[in-house]
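**Student:** Structure in structure tokens, see below.
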Amino acid sequence: FSSAIAPDNIMIPVSKQMRDIHKKKIYCGHFITNDSTHIYPAFLSPRIHYSDQLISRAQGVLYYDKKTGEYRIGSEEKVLDPSLPGNYVSFERNYCKLYAEGLLDPGVRFGQVKSLMPGNILEEMDDSSNIRLHVMIGLDFYFDPEALKIMAQEIDSLTTLQPVDVRSGWYGKTLEELGGKSKMTAADIQEMKMFGQVPTVPKEQKHTLFLSDVTLEWDQDTRSYISTGKIGLGNVNGYPLNVAVEGYLEIQKKRSGDVFDLYLKLNGRDFYYFAYTPGVLQSISNNYTFNSILSNLKESKRKLKVRSGQPPYMYMLGVERKKTMFLRKMQMIKETKNRQ
């Protein structure tokens, strides 16, 4: 590049597609390999395989912050004030950590089930087993609205569930990645901060299932993202909830097709379980009305009409055995980690 340089404020332009002096493509962010064998970092370096997919990325300018010892890539405003929303990558050289935030792409595709994942990812570059994501997840899929209403109303009726902390800086900034905060009135924002509840759900935040606070860790043994801690449930089909529940989420990238399992435990016995395999979404609960709606629907009502060449999709009542097997798997992983 050709530009005047201010020695005390050096900002090097970073384009969407960078190349080194040998004209080879270089990248900045986190990659996941196509066979999901591992996740690895790249900071102004090439990818390992052509098919590897970027989870995080940033462009704008490269800036070095002397106080923190970080190299930062993002917009000029973002590198000077990381509290602002927007895609951003930083490399902390003293501790060899690569951090990124903004709209993330975990490298999975669920056919007709669409997903959106804003948040952040941190990897300690000398320890590939320590990769953590703190995200919101919007899932949109064809499903019976009455069943979703039954689910939302039951969750809303449970007064013992704790709310998600919507006052935190992370929550507000991540929400802005969806464009939602700008659509809320000043009174709505004030009410959210005072009472910890979102009074209305802006259309940018309306999803079939909106998980508003999820921590995921990359498990190298299972080659999947697995949640830790409680799962924040923001809304169900636009019905505002904002509660934190026990449960598990596993997102797995597979050659046969990407899958996910989501188990939400409301209290000692009440639960909702969603499991996606290519083309089929299964769901089951201990709520009789919810299950009855799914079991009584004709297949034509549960099947999405798609164009020729597009992936098929249908939903159906799940089986208890699949849910039990998933919970057993999660428990085994938890016990293995506790022994390490």
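The values are calculated or read from the model by the stated rules, or taken from the named source; none is laboratory data. Note that the structure is predicted; figures quoted are calculated from it, not measured. A quick note on method: Cβ atoms are made from the backbone with ideal geometry, for glycine too, and the neighbour counts reach across all protein chains shown. For accessibility, only protein heavy atoms count, side chains too; no ligands or nucleic acids. Shrake-Rupley method; radii C 1.70, N 1.55, O 1.52, S 1.80 Å.
**Student:** State all residues of segment 1-42 that are over 20 Å from Tyr99 (Cα atoms), aliphatic (A, V, I, L, M) and in contact (Cβ under 8 Å) with a residue 12 or more places away in the chain; if no residue qualifies, say none.
**Tutor:** The answer is Ile10, and nothing else.
**Student:** Also: Does segment 128-177 hold any residues that are out of contact with any helix residue (DSSP H, G or I) (no Cβ under 9 Å at 6 or more places or on another chain), open to solvent by less than 30 Å² (accessible area, probe 1.4 Å) and part of a strand (DSSP E or B), and which are they?
**Tutor:** Ile131, Leu133, Ile137, Leu139
**Student:** Counting only residues that are among the basic types (Lys, Arg) and open to solvent by less than 60 Å² (accessible area, probe 1.4 Å), which one in segment 43-83 is farthest from Tyr225 (Cα to Cα)?
**Tutor:** Lys78
**Student:** Looking for whichever is out of contact with any Pro (no Cβ under 6 Å at 6 or more places or on another chain), of a type outside the set (Ser, Thr, Tyr), surrounded by fewer than 20 Cβ atoms within 10 Å (Cβ to Cβ) and in a loop (DSSP other than H, G, I, E, B) here; the options are Gly86, Gly107. Which one fits?
**Tutor:** Gly86
**Student:** Of the residues that sit in segment 43-88 and are farther than 12 Å from Gly102 by Cα and of a type in the set (Phe, Trp, Tyr), which one is modelled with the lowest pLDDT?
**Tutor:** Tyr50
**Student:** When only residues in segment 47-81 that are touching a residue at least 40 places away in the same chain (Cβ under 8 Å) and assigned to a loop (DSSP other than H, G, I, E, B) count, which is nearest to Ile32 (Cα to Cα)? Break it down into steps so the answer makes sense when it comes.
**Tutor:** Filtering segment 47-81 down to residues touching a residue at least 40 places away in the same chain (Cβ under 8 Å) leaves 53-64, 73, 76, 79.
Narrowing the set further to residues that are assigned to a loop (DSSP other than H, G, I, E, B) leaves 55-59.
Working: Ile55: 7, Ser56: 10, Arg57: 12, Ala58: 16, Gln59: 19 Å.
This residue is Ile55.
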